Amino acid sequence: MEEQKFDGYLNMELLRFTTAGSVDDGKSTLIGRLLYDSKAIFEDQMEAIERASLGRGEERVNLALLTDGLRAEREQGITIDVAYRYFATPRRKFIIADTPGHIQYTRNMVTGASTANLAIILIDARNGVAEQTIRHSFIASLLQIPHVIVCINKMDLVDYSLERFQEITSRYLEFAGKFDIQDIRFVPISALNGDNVVTRSKTMEWYDGPTLMWLLDTIYIGSDQNLLDARFPVQNVIRPQNDKYHDYRGYAGRIASGIFRKGDTVKILPSGFITKIKSIDVFEKSLDLAIASQSVTMTLEDDVDISRGDMIVRENNVPNVSQDIDMMFCWLNSKPLQIKGKYILRHTSSEVKCIVNDVRYKININNLERNTLDKSITMNEIGRITLHTQKPVFADSYRKNRITGSAILVDETTNETICAGMFV
Amino acid sequence: MKNYKITHLRELENESIYVIREVVAQFEKPTMLFSGGKDSIIMFHLARKAFWPAKVPFPLLHIDTGHNFQETLDYRDGLMKETGTTCIVSLVQDSIDSGRVVEETGVNASRNKLQTVTLLDAIEKNKFDCAMGGGRRDEEKARAKERFFSHRDEFGQWDPKNQRPELWNIFNGKKRIGEHFRVFPISNWTEMDVWQYILLENIPIPNLYFNHKRKVFNRDGVWLAYAPFMQLKPNEKVEEKDVRCRTIGDITCTGVTLSKASTLEEIIKEIAATRITERGGRADDKRSETAMEDRKKEGYF
């Protein structure tokens, strides 16, 4: 690729991660510490929080103030919405989805987790594994985040004790077996003092594992993408209608998963038409091959009728085509779910009306028990529902494909996004 | 498998193109705000990429404070001609003349805040249902919470406590008549990413971003470009310095950096070493700790 002629900063990887922890776990302090120690904080920002810390009568610079953006949050001292932060090392650029950890904000955690490749789960070393730890881990598993780093924070308040660290680690592993998380790591830290965040701790010599930053910088993310199942949801049809490109008819979209090559035989859904890829275009250039996450424009050998919402796939590897959908969900709105209610299902680039047929169960996210009797669903609740759609949907299971396996429900009267869904 | 790696700049590019295409698919009459600054330049470049070989299928909108760097206007006009794109210009002066806003007075007078009214009027007059902006979440703490698709009520206002959740890459642009959306396709870019991308793609930018000699004066530690309509305080004196712009906005509130950087590589090196944020030179943000949040609620970019 052309990028290879540049080295260093033009050739970095991107890692998106989310952080979960409650008000007192020191999450904002940890993020402040990552930003500060990686030199992502500038002098004017530092001066602003020094002034603000002094104004609040605090003795030391409160790194948490770096991430508390909105006025209401500074007044109440809590984070109330998902905020995005950025920092970089020579190797990687990081996007943090910073989400609050209180019970009423499950929906924000789900939102932050939906685009993350990695989750940091914070545990207060004094309290150990708490209800919320289970909740956060469950959400990470439900949203299929491939990597989880459990940070045992506030080690300074338990005398940097190895025994305490081991106790918490084994307790966590006991219940983690129930979850579907592929990669779990543990790091003992003190976000306040900076132990094992960016620099190695001098007070925890018993720990010979990597620092949090080292893990973030090196954890292998190359296999997180699904490169097996070729899926291309069509976003727009490009018809230049000028002299030079008179007959050009291109299908623009972002490859959801898999690999497409020029000359590949492909199938169009829903028509079932079979044709070949004539070209894969990206602004004045044509590619021989394009992979998951690339935004491209495809032209096809045959003149087929294709519009937004259609999907281009491989002939011998197609998604499930069905009008009956079974999905895990998180309810995002204060207006409760209505069984037999009509909603709009948005999935990749398609949109279709649907009816919620049944609530199969809801999950108590504090002890993971399923409740099949109580069918009332309101904000922040998680469970499993079945839907019937007006037209067939081309979907994969969320476990196999986070793009073609996810959907949202939109309320027809308020236009709000009220539900996040993951196909079973 | 090594060839299948996508770099951070291409990842950001793919995401932004996807967002711009969603806007065209979901809205009837979108526009893209264009100021001639580097962020709007790369956003427009991404829009050209998104629809090539077709032209960009929407007009641009420039909210003109009248206090511009002339180089920016020349650059804008040249680019529109070259790419065959329409740019609608709405003048803050018209909002002042019609009594919709009152010009600020005093030494710190700026038309930056007045742009909000001109912008909302332009959206209403042209019946735009979506305005894309070059805002980035790394710029300022209130922007860090902004969605890609940001819903505005019929008064053009932003309610930070009632934002729609945004999951995966599914964007919900549904709205009632009279409401509109602001969409920020380059939300996830940092200042460094923008410069690296300009270098990678070899995108022409106004000369203001490179080293040049300019009449400047120092106010509260920030170097401001001098223009004849600006009032000086008694202790301020105009001098000529080697400078470059880190951001380009209204001339009255855009700080310049003392710099000899004259190539993109030199600018990138300078930014990597710098210890002040790019908005550190923006007098409009210094008015109070929540200046940006307050302006955004009223309908600012």
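Each reported figure results from applying straightforward, stated rules to the coordinates on display, with no laboratory input. All figures in this text were calculated on a predicted structure; none of them were measured in a lab. Neighbour counts are summed over all protein chains in view; Cβ atoms, including those assigned to glycine, are modelled from backbone coordinates with ideal geometry.
What Kirkwood radius, in Å to one decimal, follows from the Cα pairs of the stretch A:320-423?
Numbers: mean 1/r = 0.0735 Å⁻¹.
Kirkwood radius, the stretch A:320-423: 13.6 Å.
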inquiry  = Please report the antiparallel percentage of the DSSP beta bridges confined to chain B, to the nearest 5.
reply    = 60
ask   = For the protein assembly as shown, what is the Kirkwood hydrodynamic radius in Å, using each pair of distinct C-alpha atoms?
value = 26.9
task = Would you mind giving the mean number of other chain beta-carbons within 10 Å of the Cβ of each residue in B:190-202, as a whole number?
result = 3
Coordinate range along principal axes, alpha carbons of chain B, Å, largest first = 55, 54, 38
Total lysine pairs under 25 Å (Cα atoms) in the stretch A:320-423, excluding pairs fewer than 8 apart on one chain = 18
key: Centroid-to-centroid separation of the stretch B:194-251 and the stretch B:35-72 [C-alpha atoms, Å]   = 20
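Return the FRET efficiency for the residue pair residue B:229, residue A:358: r is the Cβ-Cβ distance, R0 is 56 Å, and the value is rounded to the nearest 0.05.
Numbers: r = 68 Å, r/R0 = 1.22.
Here the calculated transfer efficiency is 0.25.
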Tail beyond 18 Å, pair distance distribution of the stretch B:1-103 (Cα, percent) = 56
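Evaluate E = 1/(1 + (r/R0)^6) for residue B:238 and residue A:91, where r is the Cβ-Cβ distance and R0 equals 56 Å; express this FRET efficiency to the nearest 0.05. Walk me through the numbers on the way to the answer.
Details: r = 45 Å, r/R0 = 0.81.
E between residue B:238 and residue A:91, to the nearest 0.05, is 0.80.
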request  = With 5 Å bins from zero, work out the P(r) of the stretch A:231-314 over every alpha carbon pair and list the percent per bin.
outcome  = 3, 16, 29, 30, 16, 5, 1
key: chain A - convex hull of the alpha-carbon atoms, volume per residue in Å³   = 175
key: Across A:285/B:127; A:154/A:178; A:262/B:175, pairs whose alpha-carbon gap is larger than 29 Å   = A:285/B:127; A:262/B:175
ask   = Relative to the first principal axis of the alpha-carbon coordinates of chain A, what is the inclination of helix A:131-142, with its axis defined by its Cα atoms, in degrees from 0 to 90 and to the nearest 10?
value = 20
message = Suppose we keep just the DSSP beta bridges with both residues in chain A; what percent of those would be antiparallel, to 5?
response = 75
key: D_trans [Stokes-Einstein, Kirkwood Rh over alpha-carbon pairs] for the stretch B:50-89, 10 °C, 1.306 mPa s, µm² s⁻¹   = 142
key: Simple spin-label estimate for residue A:304 and residue A:223 in nanometres, 7 Å along Cα-Cβ   = 3.3
query = With each pseudo-label sitting 7 Å past Cα toward Cβ, what's the residue A:274-residue A:390 distance in nm, one decimal?
reply = 3.3
key: Amide N of the stretch B:197-215 lying under 19 Å from the label point, which is placed 7 angstrom from the Cα of residue B:89 along Cα→Cβ   = B:206-208
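What does the net charge come to around residue A:275 if you take all other residues with beta carbon closer than 15 Å to its beta carbon, with K and R at +1 and D and E at -1? Please report the intermediate quantities before stating the final value.
Details: positive: A:249, A:261, A:262, A:267, A:276, A:278, A:314; negative: A:264, A:301, A:302, A:303, A:305, A:310, A:315.
Spelling it out: positives minus negatives among the neighbours equals 0.
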remark   = Largest first and rounded to whole Å, the semi-axes √(5λ) derived from the alpha carbon gyration tensor of the stretch B:150-251 read 38, 22, 12
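Over all distinct Cα pairs, what is the inverse of the mean 1/r for the stretch B:104-216, reported as the Kirkwood hydrodynamic radius in Å? All intermediate terms of the calculation are to be shown ahead of the outcome.
Values: mean 1/r = 0.0593 Å⁻¹.
Hydrodynamic radius (Kirkwood, Cα pairs) of the stretch B:104-216 is 16.9 Å.
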inquiry  = 7 Å from Cα along Cα→Cβ at both residue B:155 and residue B:5: what's the point-to-point distance in nm?
reply    = 5.2
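How many partner chain Cβ atoms sit within 10 Å of a residue's Cβ in peptide A:180-189, on average, as a whole number?
Working: counts 0, 0, 0, 0, 0, 0, 0, 0, 0, 0.
Neighbouring Cβ atoms belonging to other protein chains average 0 per residue here.
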task = Determine, from the Cβ-Cβ distance of residue B:127 and residue A:157 and an R0 of 45 Å, the FRET efficiency 1/(1 + (r/R0)^6), rounded to the nearest 0.05.
result = 0.15
The stretch B:51-128: radius of gyration and largest Cα-Cα distance (Dmax), Å = 14.7, 50
request  = Provide the three semi-axes, in whole Å and in decreasing order, of the ellipsoid equivalent to the stretch B:178-222 as defined by the square roots of 5 times the Cα gyration tensor eigenvalues.
outcome  = 28, 20, 12
